[in-house]
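Chemist: Handing you a structure now.
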Amino acid sequence: MTPRNGLDSLLRPEDSVLVLIDHQPYQLANLNSHEPQMVINNTAGLAKAAKAFAVPTILTTVLAERGGLLFPQITDVFPGQEVIDRTFINTWEDQKVVDAVKATGRKQLIIAGLWTEVCVAMPTIQALGEGWDVTVITDASGGVSVEAHQVAIQRMIAAGANMMTWVALAAEWQRDWARVDTAIKMTEVFTQHAGGSGIAYLWEQQLLNTPVPANAG
């Protein structure tokens, strides 16, 4: 396994492509590794971060007619974009998805989905074997149990995958707060989806914009 270290190993928006897999009602109904609302929030934050950094994002479901449509919190970020519906459980066996990823010309493949142990693990392991640099966003994914999620993560790490959370990914894409255009967009995403960090930012802005009382003396 090639060690993941050095500056070149960090993720860059211009080299990244995101695939969001099977964030659907059926999978959410038996999500037990995370609080379901947290996964919805984190996935929406991830989708908005990808849009802020102009990272191509592939949306895909499995048997949507029966399993339900992709969460609206995701599709609302990409209005009008096709959601690729599959019969393959393993997304990476669906040529339409693979062709869409390859068409971006990017090799830093980022994956999040439900469930971790099935619909995330299989494409991750296959893509790694085909030479892709794969990162899994663990807190925008989830499994049927804590054990299932954790064992899947261990399995993917053993295969060579990189693990991150969505805020860590956004920070890595940003890299420098002097990149003002994306910094402004990301502060909005953080206030909406980064919990206490977003609230703390709003508090900071409140303090910065509060006049200092004149010295009564």
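The values are calculated or read from the model by the stated rules, or taken from the named source; none is laboratory data. All values reported here derive from a predicted model rather than from experimental measurement. Virtual Cβ from ideal backbone geometry, glycine too; neighbours counted across all protein chains shown. All accessible areas refer to the heavy atoms of the entire protein, side chains included, with ligands and DNA or RNA removed. Shrake-Rupley method; radii C 1.70, N 1.55, O 1.52, S 1.80 Å.
Chemist: Considering only residues of region 171-200 that are out of contact with any Gly (no Cβ under 9 Å at 6 or more places or on another chain) and β-branched (Val, Ile, Thr), which is farthest from ALA49 (Cα to Cα)?
Modeler: ILE199
Chemist: Follow-up. Do any helices (runs of 4 or more DSSP H) entirely within region 1-110 hold 1 or more residues that are among the polar types (S, T, N, Q), and if so, which?
Modeler: 25-29, 36-52, 72-75, 95-102
Chemist: Next question. Confirm whether GLN150 is within 27 Å of ALA54 (Cβ to Cβ) and either surrounded by fewer than 22 Cβ atoms within 10 Å (Cβ to Cβ) or among the basic types (Lys, Arg) (or both).
Modeler: No.
Chemist: Quickly run through region 28-77 and pick out the residues that are within 11 Å of the chain's Cα centre (by Cα), hydroxyl-bearing (Ser, Thr, Tyr) and closer than 15 Å to VAL120 by Cβ.
Modeler: THR43
Chemist: Another one. Looking only at residues that are surrounded by 19 or more Cβ atoms within 10 Å (Cβ to Cβ) and among the polar types (S, T, N, Q) in region 66-111, which one is nearest to PRO25 (Cα to Cα)?
Modeler: Among residues in region 66-111 that are surrounded by 19 or more Cβ atoms within 10 Å (Cβ to Cβ) and among the polar types (S, T, N, Q), the one nearest to PRO25 (Cα to Cα) is THR91.
Chemist: I've got another one for you. With the requirement that a residue be within 12 Å of the chain's Cα centre (by Cα) and open to solvent by 30 Å² or more (accessible area, probe 1.4 Å), what does region 113-138 give you?
Modeler: Within region 113-138, none qualify.
Chemist: Same structure again: So which residues in region 1-50 are open to solvent by 10 Å² or more (accessible area, probe 1.4 Å) and charged (D, E, K, R), if there are any at all?
Modeler: ARG4, ASP8, ARG12, GLU14, ASP15, GLU35, LYS48
Chemist: With respect to GLN174, is the statement that it is more than 12 Å from the chain's Cα centre (by Cα) and open to solvent by 10 Å² or more (accessible area, probe 1.4 Å) true?
Modeler: Against the criterion (more than 12 Å from the chain's Cα centre (by Cα) and open to solvent by 10 Å² or more (accessible area, probe 1.4 Å)), GLN174 does not qualify.
Chemist: Sticking with this one: Any idea which residue in region 177-189 is nearest to THR43 (Cα to Cα), counting only those that are touching a residue at least 24 places away in the same chain (Cβ under 8 Å) and open to solvent by less than 70 Å² (accessible area, probe 1.4 Å)?
Modeler: So, considering only residues that are touching a residue at least 24 places away in the same chain (Cβ under 8 Å) and open to solvent by less than 70 Å² (accessible area, probe 1.4 Å), the one nearest to THR43 (Cα to Cα) is VAL189.
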